[in-house]
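So the structure is just underneath, and the comments pick up after that.
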Amino acid sequence: TAGTESYKNLYVYPNPVRETYHGDVVVSGFIAESTVKITDISGNLVMEGKSGGGQFIWDGKNFNGSRVHTGVYLIFCSNSDGSKWKVLKLLFIH
């Protein structure tokens, strides 16, 4: 998808991610080439990357390839120079 001019319409789906869901988590509405960092509620980094255009796709796994635990996760995003940013919350349920 094409990138946007702001993070005004940024959203994540599905949210919450239920125990019966086994697909990807999609975050849409990014400014193109945004930096994306996903942390648990304690601030531990579980995944990071760049948005492809206006979208970021995450398989719900951490750096070790394991599905993340039940809990609230924060999705931090910023444009290339850090002048625009936004934080979303995501709930994983097992």
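The values are calculated or read from the model by the stated rules, or taken from the named source; none is laboratory data. Computed from a prediction, not measured in an experiment: that's the story for all the values here. Here the Cβ positions follow ideal geometry from the backbone for every residue, glycine too, while neighbour counts run over all protein chains shown. Ligands, DNA and RNA are stripped out before the accessible areas are found, and what is left, the full protein with its side chains, is counted by its heavy atoms. Shrake-Rupley method; radii C 1.70, N 1.55, O 1.52, S 1.80 Å.
Things to note:
- Selection status of residue 8, touching a residue at least 40 places away in the same chain (Cβ under 8 Å), open to solvent by 40 Å² or more (accessible area, probe 1.4 Å) and not hydrophobic (A, V, I, L, M, F, W, C): no
- Residue check, residue 1 among the hydroxyl-bearing types (Ser, Thr, Tyr), open to solvent by 80 Å² or more (accessible area, probe 1.4 Å) and closer than 22 Å to residue 72 by Cβ: no
- Top-ranked residue of region 77-94 - restricted to ones that are within 21 Å of residue 62 (Cβ to Cβ) and part of a loop (DSSP other than H, G, I, E, B), ranked as least open to solvent (accessible area, probe 1.4 Å): 93
- When restricted to residues that are among the hydrophobic types (A, V, I, L, M, F, W, C), within 18 Å of residue 91 (Cβ to Cβ), open to solvent by less than 50 Å² (accessible area, probe 1.4 Å) and not in a loop (DSSP other than H, G, I, E, B), region 20-73 contains 9.
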